[in-house]
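The structure under discussion appears below in the form of structure tokens.
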Amino acid sequence: KAGVTQTPRYLIKTRGQQVTLSCSPISGHRSVSWYQQTPGQGLQFLFEYFSETQRNKGNFPGRFSGRQFSNSRSEMNVSTLELGDSALYLCASSVGQGGTEAFFGQGTRLTVV
Amino acid sequence: AQKITQTQPGMFVQEKEAVTLDCTYDTSDPSYGLFWYKQPSSGEMIFLIYQGSYDQQNATEGRYSLNFQKARKSANLVISASQLGDSAMYFCAMREAHMGGSQGNLIFGKGTKLSVKP
């Protein structure tokens, strides 16, 4: 059974550009959540999607957005990149409401220069 | 207020010995879940163990066990027979009951860096 797949693994972007990250959850999982990990702030919740609907959102500016497709794959987009957006972005896959475990992908390491 | 507290920024353990990583949490919700993850230098967050707030027994998964003391709001991870490959960051996380269709997000502690010595 395949795990959570995040693409790309590494990304270098310039300030002001935008970026799209992708997450394919475990087959049968319908809930996808995104997290940002930085040395200073640790792991912070971005948003959660279930059945193509955003169910929960963390405290991030509107430059951060996401969506989920009918096959449960999710994308997150960051527009007008800032240096502070450099981070490891992790995606977590869960069965859905009532589920317990949450499984993470390997993450996308974004560097903004 | 910090909801998950991991007081040990770093720990050393001798190979083959047991080690306990501390985690305390704060919530007023009677329904919650507690998680432990391992993050090696590669970055991937590896799920280790889960404990539900209503679970009567402490969770165990192979060499990992969770020492759940509900009244003290602690959920310490015990790794038995440490191996060199256990060297990594370890994160404790909590998920409160979901609302409005949300499963509830994970709230993480700052982590403990475990180093296993040969």
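Data table
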{"read-out": "Residue among A:Ser79, A:Ser74, A:Ser31 that alone is crowded, with 23+ Cβ neighbours inside 10 Å and in contact (Cβ under 8 Å) with a residue 60 or more places away in the chain", "value": "A:Ser31"}
{"read-out": "Filter result for the condition that a residue is touching an Asp or Glu at 6+ places or on another chain (Cβ under 6 Å) and more than 17 Å from B:Gln6 (Cα to Cα), over B:Tyr54, B:Tyr64, B:Tyr32", "value": "B:Tyr32"}
{"read-out": "Test: residue in the range A:84-91 that is within 8 Å of chain B (Cβ to nearest Cβ), under 26 Å from B:Gly52 (Cα atoms) and not aliphatic (A, V, I, L, M)", "value": "no"}
{"read-out": "Unmet criterion (only one of (1) open to solvent by 40 Å² or more (accessible area, probe 1.4 Å); (2) under 11 Å from the mean Cα position of the chain (by Cα); (3) under 22 Å from B:Lys38 (Cα atoms); (4) not acidic (Asp, Glu)) for A:Gly107", "value": "(1)"}
{"read-out": "Checklist (1) of a type outside the set (A, V, I, L, M); (2) open to solvent by 50 Å² or more (accessible area, probe 1.4 Å); (3) within 12 Å of the chain's Cα centre (by Cα) applied to B:Gln56, failing item", "value": "(3)"}
{"read-out": "Segments classed as strands (runs of 3 or more DSSP E), wholly inside the range B:36-98, with at least 3 members that are more than 10 Å from every other protein chain (Cβ to nearest Cβ) and not aromatic (Phe, Trp, Tyr)", "value": "B:64-69, B:74-79, B:88-96"}
{"read-out": "Of all residues making up the range A:85-113, the number that are of a type outside the set (S, T, N, Q), touching a strand residue (DSSP E or B) at 6+ places or on another chain (Cβ under 8 Å) and over 14 Å from A:Arg9 (Cα atoms)", "value": "10"}
{"read-out": "Residues (open to solvent by 10 Å² or more (accessible area, probe 1.4 Å) and polar (S, T, N, Q)) located in the range A:82-104", "value": "A:Ser86, A:Gln97, A:Thr100"}
{"read-out": "Residue count, the range A:46-65 (criterion: touching a Lys or Arg at 6+ places or on another chain (Cβ under 9 Å), open to solvent by 20 Å² or more (accessible area, probe 1.4 Å) and part of a strand (DSSP E or B))", "value": "2"}
{"read-out": "Whichever residue in the range A:46-73 is more than 14 Å from A:Val19 (Cα to Cα) and in contact with a Phe, Trp or Tyr (Cβ under 6 Å, 6 or more places away or on another chain) and, among such residues, is nearest to the other protein chains (Cβ to nearest Cβ)", "value": "A:Gly58"}
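The values are calculated or read from the model by the stated rules, or taken from the named source; none is laboratory data. Values in this document were obtained by computation on a predicted structure and should not be read as measured data. Backbone-built Cβ (ideal geometry, glycine too); neighbour counts: all protein chains shown. In case anyone asks, the SASA skips ligands and DNA or RNA and just uses the protein heavy atoms, side chains included. Shrake-Rupley method; radii C 1.70, N 1.55, O 1.52, S 1.80 Å.
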